[in-house]
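Colleague: Once you've had a glance at the structure underneath, I'll fire off some questions.
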Amino acid sequence: MVSMSRRGATATFAGLGAVAALCVSTAAAPRARQTAGPAAAKAAPRLVLKKVRFEDYRLRNGLRVLLSEDPSAPMVAIAVGYHVGGKDDPPGRSGFAHLFEHLMFKGTANLPPESMDRFTEDVGGANNAFTQPDSTVYHEVIPSNYLRRLLWAEADRLASLKVDAANFKTEREVVIGEYEQNVVASPYGRLWDLLQAKAFVKHPYGLGVIGNPANLRAATLKDVRAFHATYYVPQNAVLAVVGNFHTAQARQWVQQYFGRVAPGPRPIPRVRVVEPPQRAPRTVLYHGANVPLPAVALAYHIPAASQHDADVLDVASAILSGGESSRLHQKLVYSQQIAFEVGADADTREQPGLFVITAMLNRGKSPEAALGSLRDEISRLRTSLATPDEIARAKTQLLTHIVRSRERSEDRATELVETSILEGDPGRVNTAAERLQSVTPEEIRAAARKYLTPTNVTVMRYLPAAKPLPAAPDAKGKGQ
């Protein structure tokens, strides 16, 4: 599957107590933060999460290993993340990262296709994978007594994946089929691709992840093998193991199976392109025959996931669209009844991403009216402070998402891998809650003034197909 967004800012906020075992304590807000706004006298207690404890080391071949022992359940999760995503596709060859998400299940020199399914599903476990702009991640969860076999299998497909003509042709058609289904056939499938293609004029984020069929059909087996040899190497991978195992034994198995995989012969190429500052608004107009109702969107360039303003903009996105009490829901859905669905997302990535606001319109409603309402709410973020209640609701939603992501070992394993790749430091999983809770109304307003500006925006109008004009009358007056 292709996954486009990392943080899940619009998660529901009921029931932080449902996973109270993950919370060590609550504490009053630090005094410096209590003086920041009108809610100082009633500062909410601060949530302190139990830390995800893990060992972090590298093998001699460059593989980064994260081991987090947790005996609370008889299961263990493995996640292997490769620092390669849609932005790393070769020029004119989009979809390669996504293609390998599929090829990695097609057998090795030692295993037939679909062996990972047999090794997981047949013993009561599960496996899956996803591709994002910056990473491709493979993950499994199995009863803990099968850990050794799965570590061997993951190391085997890193070392000896079968990239042959038959597998390439078959999986290329599968990826093209996903494009046809999810982009071409879906009523709103082109919206995101068109929006980011216009928003990014230099950076390869504009190419998307899923893959262009023409690019894929033009690719050769030699192209695909070169991509694999470049990025599927130990020094470009992060392995996380989380769950019920003994760390000393896991270290021994990791060394035994992964340690013998040779490193790649060359440095990993990295995207060095810097998207130039946007100095004027851009517009996208699309008419689709299968678009039932209009949609509009605004996209603004924002900083990378590792920057503090990424957390600030997460809170801003939840204020705008987190739940039915949020600003966009209250205004566009309930009060004006312009839209049946609205959303806001700080899509932060390894390199600067986008803050995107969308509205799906009710029948007969004006796209210009909807855009005017969205701009009004952006202006409100820029000119006034969010209320204490809004801040509290937004943070509760985001904290709920963090807490729930810690319930399952497979989520923790994936989080460790993704944080290592996107933010450069797996330890940031243990500071995420505190960073969000430290965000102030003044920081939200300052970030809105800095990034959500009239010159830094790409405006999308995504509309049903235009009605054909009536036929012009001929000389005898026909057609009138």
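Colleague: Given H placed on each backbone N at 1.01 Å, which residues far from residue 232 in sequence or on other chains put an amide H within less than 5 Å of it?
Modeller: Sorted by chain and number, the residues that satisfy this come to none at all.
Colleague: Considering the alpha-carbon set of segment 84-198 alone, what are its Rg and its Dmax in angstrom?
Modeller: For segment 84-198, the Cα-based Rg and Dmax read 16.0, 50 Å.
Colleague: Would you mind computing, in nm to one decimal, how far apart the modelled labels at residue 56 and residue 435 are, each placed 7 Å from Cα along Cα→Cβ?
Modeller: Simple spin-label model gives 1.2 nm for this pair.
Colleague: Distance in nm between label sites at residue 128 and residue 152, each 7 Å beyond Cα in the beta-carbon direction?
Modeller: 2.8 nm
Colleague: Another one. Would you mind getting me the FRET efficiency between residue 114 and residue 340? Use the beta-carbon distance for r and R0 = 45 Å, nearest 0.05.
Modeller: 0.65
Colleague: Could you provide, to the nearest whole Å², the per residue accessible area of segment 369-470 with probe 1.4 Å?
Modeller: With all protein chains present, segment 369-470 gives 40 Å² per residue.
Colleague: What is the spin-label model distance, in nm, from residue 220 to residue 286 if the labels are put 7 Å beyond Cα along the C-beta direction?
Modeller: Rounded to a tenth, the inter-label distance reads 3.3 nm.
Colleague: May I pose another question? For the chain, what is the mean residue ellipticity at 222 nm derived from helices alone (per DSSP H run of n ≥ 4: -39500 (n - 2.57); sum divided by total residues; nearest 500 deg cm²/dmol)?
Modeller: Values: 15 runs with 168 residues, N = 480.
Taking each H run of at least 4 residues, the total per residue is -10500 deg cm²/dmol.
Colleague: Full-extension gain between residue 268 and residue 202, please, as 0.36 nm times their residue separation minus the C-alpha to C-alpha distance. Before the final figure, lay out the partial values.
Modeller: Values: separation 66, 0.36 × 66 = 23.76 nm, distance 2.07 nm.
Result: 21.7 nm gained on full extension.
Colleague: Short version: ³J(HN,Hα) in whole Hz for each residue of segment 166-172, in order, from phi by Karplus 6.51 cos²θ - 1.76 cosθ + 1.60 (θ = phi - 60°), x for Gly and Pro, what are they?
Modeller: My calculation for segment 166-172 gives 5, 4, 4, 5, 5, 6, 4 Hz in order.
Colleague: Could I ask something else about it? Under the Karplus relation 6.51 cos²θ - 1.76 cosθ + 1.60, θ = phi - 60°, what is the ordered set of whole-Hz ³J(HN,Hα) values for segment 411-422, x standing for Gly and Pro?
Modeller: Going residue by residue, I get 5, 5, 4, 5, 5, 4, 5, 5, 5, 4, 7, 6 Hz, with x marking Gly and Pro.
Colleague: Would you mind checking which residues have amide H under 5 Å from residue 49's amide H? H placed 1.01 Å from N; only 5 or more apart, or other chain.
Modeller: 24
Colleague: Classify segment 267-415 as rounded, prolate or oblate from the Cα gyration tensor: take a ≥ b ≥ c as the square roots of its eigenvalues, call it rounded if a/c is under 1.5, otherwise prolate when a/b beats b/c and oblate if not.
Modeller: The shape class here is oblate.
Colleague: Among the aspartates and glutamates, select those whose C-alpha is under 19 Å from the C-alpha of residue 162, and discard any that sit fewer than 8 residues away in the same chain.
Modeller: 101, 114, 117, 154, 171, 173, 223
Colleague: Could you give the dipole magnitude of the chain about its Cα centre, charging the beta-carbon of Lys and Arg +1 and that of Asp and Glu -1, in debye to the nearest 20?
Modeller: Approximately 1040 debye in magnitude.
Colleague: With θ set to phi - 60° and the Karplus curve 6.51 cos²θ - 1.76 cosθ + 1.60, what are the ³J(HN,Hα) couplings of segment 188-199 in order, to the nearest whole Hz, using x for Gly and Pro?
Modeller: Values per residue, Gly and Pro as x: 10, x, 8, 4, 5, 4, 5, 5, 6, 5, 7, 5 Hz.
Colleague: Which one of 294, 308, 325 has its Cα pushed farthest toward the positive end of the charge dipole of segment 278-343, where Lys and Arg give +1 and Asp and Glu give -1 at the Cβ?
Modeller: 294
Colleague: Ok, one more. As a quick test, which of the pairs 51/395; 202/331; 198/365; 169/198 have an alpha carbon distance above 27 angstrom in this structure?
Modeller: Numbers: 51/395 19 Å; 202/331 35 Å; 198/365 25 Å; 169/198 31 Å.
Check vs 27 Å cut-off fails for 202/331; 169/198.
Colleague: With a 1.4 Å probe and every protein chain kept in, tell me what percent of the accessible surface of the chain is carbon plus sulfur.
Modeller: Details: 11480 of 21010 Å².
Answer for the chain: carbon and sulfur cover 55 percent of the accessible area.
Colleague: Hey, what's the Kirkwood Rh for the chain if you take every pair of different alpha carbons, in angstrom?
Modeller: 24.2 Å
Colleague: Rank these residues by their accessible area, most exposed first, probe 1.4 Å: 172, 217, 380, 406.
Modeller: Ranked from most to least accessible, the order is 217, 380, 172, 406.
The values are calculated or read from the model by the stated rules, or taken from the named source; none is laboratory data. Predicted model, so just to flag it, every value in this text is computed and none were measured. Backbone-built Cβ (ideal geometry, glycine too); neighbour counts: all protein chains shown. Areas reflect the complete protein model, heavy atoms only, side chains present, ligands, DNA and RNA absent. Shrake-Rupley method; radii C 1.70, N 1.55, O 1.52, S 1.80 Å.
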